[in-house]
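Please read the structure below before turning to the comments.
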Amino acid sequence: MGQIGEYFKSAVKQIVGNGYRTLMTMLGIVIGIAAVIAVVSLGTGMSDYVTSELNGLAGNYGIVMVDSSKTSERFTRDDMALVSETVKDIHGITPNISSYGKVKGSRKTVECSLEAGTEVLEAFSTNGIAKGSYFTAQQVESGARVCVMLLDDAKEIFGTEDAIGRDVEISMYGKSVTYTVVGLRGHMSEMYEFMMQGQDYYAQLEVPYTCFGEDFDYDTVNFTNLVVFADQSILSHKVDEVKNLLANVHGLRGSNALSGYSLADFSEQLDQILGYARSFLLLVSVISLIVGGIGVMNIMLVSVSERTREIGIRKSIGAKTGAIMIQFLFEAAVLTFLGGVVGIILGVIASYIICTAIGFRVIIEPATVLGAAMFSVLIGLFFGLYPARKAAKMRPIDALRL
Amino acid sequence: MKLVEIRDVSKIYNPGENEVKALNHVSISIGKGEFVAIIGQSGSGKSTLMNMLGCLDTPTSGKYFLHGQDVSHMTDDEQSDVRNREIGFIFQGFNLIPSLTALENVELPLIYRGVGKKERERLANAALNSVGLEKRKTHRPNEMSGGQQQRVAIARAIAQAPPILLADEPTGNLDTASTKEIIRIIKRLYYEGRTVIIITHDPGIAQQAKRIITISDGMIKSDIINPDYRDEI
Ligand SMILES: Nc1ncnc2c1ncn2[C@@H]1O[C@H](COP(=O)(O)OP(=O)(O)OP(=O)(O)O)[C@@H](O)[C@H]1O
Ligand SMILES: [Mg+2]
């Protein structure tokens, strides 16, 4: 064991003794490792950002649909009750009528999208209620004419975010009905704002499907689609469960008249695409690391030929092949390890700066850091092997003659 | 059984074209505790002989027995071991490692021997003290005079007490004062019981040895007990 300490000491001495050259050699490894760390954390940050924005934008929901060309069966309120009772771990199920119209407030009239459903629709967006409250089951039951919009919408159509209790006039198909604002969701997300850039402003209203259906002639008893809310991790699974249950109830088993899809499916695809992008970036930085490794090999070869005499001396006083080999391998490994440590520090700093500048969460996994450190040592061992062998195989007589 | 015995050893450099017969059927045996000088003109094959005796090179033909064991055709690692255990080298050019201090240089053969740190330091210190360098232990070779460097090399050669000391022109790079000092130390080591083989082209130095072997053109010309040998330091 004392031997290892000797090798380590001699390696450090050699590295420190060759200060400037060591620094230049290490640079390749430093940059390579820093790039790996930065790329990995940037990739993780990007996935995290996209996933959370996606969830924020669309909520955790899936849709079960009837293909009306294949069957005349429709979903009913009883179906909803049955699903709520029997399917576990879902946050709720609701019909969903989507349409576009106009909304008029005390200041302005703007275009609006309208989502009608039950109180379950609150989970439609992760952008929670900031003011007032969402409409309730009773209000859905009784057909109260109430609505929920965004703080931004209130600002736009009333000129103030202080809009709870105010009335708006919703117009569609030449009909106008007055609804009362009961709740306001928070400001829209950055990604949403980004997507909305350059388009005319439109408000996002949510209303109970009962009154909405009556007011604008939608079916409030039979539905072609139902929206299921559940945590993203179990979403696809739950959507299938609901689909199968309803297929059974309506005697549609084995037909493909019902279909279900969820955003989780899309998320998975997106994850895969992001995964490819990350692998590609990682590959590029690993290549830079390998280039750094070749630099190390180069320097080690120079070092071996410069120290031929030293090798000869060591051998003449009894160093065996293995001892010389280990000495040079140690040097290469310590060199790349030091480069790795500096690279990790720079990589972490770079990750912080870049991720913060872009607005990603800074995610640096310990496994990445540990992996990078180990990888840098491996590079030293791998690229040091050839020079070390060359040194070790030298005959003492030839090495001394120089 | 002699300590060192080479039988009918030849060494041919560059066999084929341009071949040089550096040693031509040489046989020598040297007993334990002898003090031998090998003398000859430049190019006569002294260093080649020393490389054979020191297990640094293998003969083209012939055999080398050390302690009765054939060491002429061992593997590299086995030869490393023999050098480490049996032979202390003193070279003309000192051959110290420039990045290491005197003490660290002296410790090297002990490291390769596998001696633990404490014992190693004790032995290395003792060796340095015995050549009068107790004040230079932390100095690097480039901070020392030639004579001092050669004394470090001697300390390294004796640190782990090998039976044989092999010196190739140990004073070739030194002035008269340092030469005297080095020869004095080498003689003392001989009195302490070591077998000393010193290679030189300087008759003055050869005269200090008890037995003088003269070599010329790769062959032994004479092998005599030195009539002028004086038993004194
Ligand atoms: N590696 C080698 N390749 C070819 N020829 C060599 C080699 N080493 C030595 N020789 C030749 O072998 C002969 C003996 O050389 P050696 O070095 O043994 O002489 P030496 O007696 O030590 O001389 P000096 O007193 O100058 O050191 C010389 O003619 C030399 O040119
Ligand atoms: Mg010579």
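Coordinate-derived values only; no laboratory data. Note that this is a predicted model, so its numbers are computed, not measured. Backbone-built Cβ (ideal geometry, glycine too); neighbour counts: all protein chains shown.
Between A:Ile164 and A:Asp265, the FRET efficiency estimated from the beta carbon spacing at R0 = 35 angstrom works out to 0.40. Using a cut-off of 24 Å between alpha-carbon atoms, which lysines can reach A:Lys238, once sequence neighbours fewer than 8 places away in the same chain are excluded? Straight-distance partners of A:Lys238: A:Lys70, A:Lys88. Shape class for segment A:60-262: prolate, because the ratio a/c of the largest to smallest gyration tensor axis (alpha-carbon atoms, square roots of eigenvalues) is 1.5 or more and a/b beats b/c. Restricting the trypsin sites (Lys or Arg not before Pro) of segment A:207-288 to loop positions (DSSP other than H, G, I, E, B) with no more than 14 neighbouring Cβ atoms within 10 Å leaves A:Arg253.
Using only Cα atoms, locate the centre of segment B:117-160 and the centre of segment A:203-227, then give the distance between them in Å, rounded to an integer. Computed from Cα coordinates, the inter-centre distance equals 97 Å.
Residue by residue along A:317-329, Cβ atoms of other protein chains within 10 Å of the local Cβ number 5 on average. Per-residue ellipticity at 222 nm computed for chain A from its helices equals -20000 deg cm²/dmol, with DSSP H segments shorter than 4 residues left out and the rest contributing -39,500 (n - 2.57).
Over segment B:4-225, all Cα pairs binned in 5 Å intervals from 0 give whole-percent P(r) values of 1, 7, 15, 19, 20, 16, 12, 7, 3, 1, 0, listed from short to long.
Beta bridges per DSSP, both residues in segment B:4-225: antiparallel share near 55 percent.
The local environment of B:Gln149, defined by Cβ-Cβ distances under 11 Å, has a net charge of +3 under the rule Lys, Arg +1 and Asp, Glu -1.
Each residue of segment B:44-60 is assigned a 3J(HN,Hα), and the resulting list reads 7, x, 4, 5, 4, 4, 4, 4, 5, 4, x, 6, 8, 9, 9, x, 5 Hz, derived from the Karplus form 6.51 cos²θ - 1.76 cosθ + 1.60 (θ = phi - 60°), x at Gly and Pro. Using the Cβ-Cβ distance between A:Ser113 and A:Leu282 with R0 = 45 Å, the FRET efficiency computed as 1/(1 + (r/R0)^6) comes to roughly 0.65. A simple packing score, the average count of other Cβ atoms within 10 Å per residue, orders the peptides B:85-93, A:18-26, A:295-303, B:150-158 as B:150-158, B:85-93, A:295-303, A:18-26, with the highest score first.
Each part gets one Cα centre, and for segment A:5-77 versus segment A:311-329 those centres are 43 Å apart. Placing R0 at 45 angstrom, the Cβ-Cβ distance between B:Gln207 and A:Val291 gives a FRET efficiency of 0.10 after rounding to 0.05.
Here's the list of aspartates and glutamates a cross-link from B:Lys2 could span, going by alpha-carbon distance under 17 Å and ignoring same-chain residues fewer than 8 apart: B:Glu34, B:Asp70, B:Glu86, B:Asp223.
Think of it as helices only: each DSSP H run of n ≥ 4 in chain B is worth -39500 (n - 2.57), and spread over all residues that comes to -10000 deg cm²/dmol at 222 nm.
Remark: mean inter-chain Cβ contacts per residue of B:75-81 equal 5, using a 10 Å Cβ-Cβ cutoff to other protein chain atoms.
The shape of segment B:97-218 comes out prolate: with a ≥ b ≥ c from the C-alpha gyration tensor, a/c is at least 1.5 and a/b beats b/c. Residues B:Asp77, B:Asp57, ranked from the fewest to the most other C-beta atoms within 10 Å, line up as B:Asp77, B:Asp57. Pairs from the list A:Lys13/A:Lys393; A:Lys320/B:Lys180; A:Lys315/B:Lys118; A:Lys13/B:Lys137 with a Cα-Cα gap above 26 Å: A:Lys320/B:Lys180.
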